[in-house]
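We did not get these values from a lab; they are worked out from the coordinates using the rules stated. Fair warning: this is a prediction, and the values are worked out from it, not measured in the lab. Don't worry about glycine lacking a Cβ; one is built from the backbone with ideal geometry, like all the others, and counts go over all protein chains shown.
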């Protein structure tokens with residue numbers, strides 16, 4: 001059973017991790033984001049799908 005506190009803690013950790021690169025190296029972050037913006041849509045979808053599958057698998061192994 002999902003505990004809401006766990007979900008909020010996971011979201012908070014996600015925000016911390018997302019903020020690391022722009023905080024530590026904003027120039028590199030801007031370059032990476034401009035390169036990502038130029039990727040074809042189908043490639044972005046594949047990256048998103050892979051990310052979701054990897055995250056779900058990691059969550060499954062951590063929780064089991």
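Assuming R0 = 22 Å, can you tell me the calculated FRET efficiency for the pair residue 63 and residue 5, based on Cβ-Cβ distance, to the nearest 0.05? So the FRET efficiency works out to roughly 0.90.
A simple spin-label model places pseudo-atoms 7 Å from Cα toward Cβ; at residue 54 and residue 25 they are separated by 1.7 nm. Rounded to the nearest 500, the 222 nm mean residue ellipticity of the chain from helices alone is -30000 deg cm²/dmol, with -39,500 (n - 2.57) taken per DSSP H run of at least 4 residues.
Between the Cα long axis of helix 26-37 and the first principal axis of the chain there is an angle of about 90°, rounded to the nearest 10.
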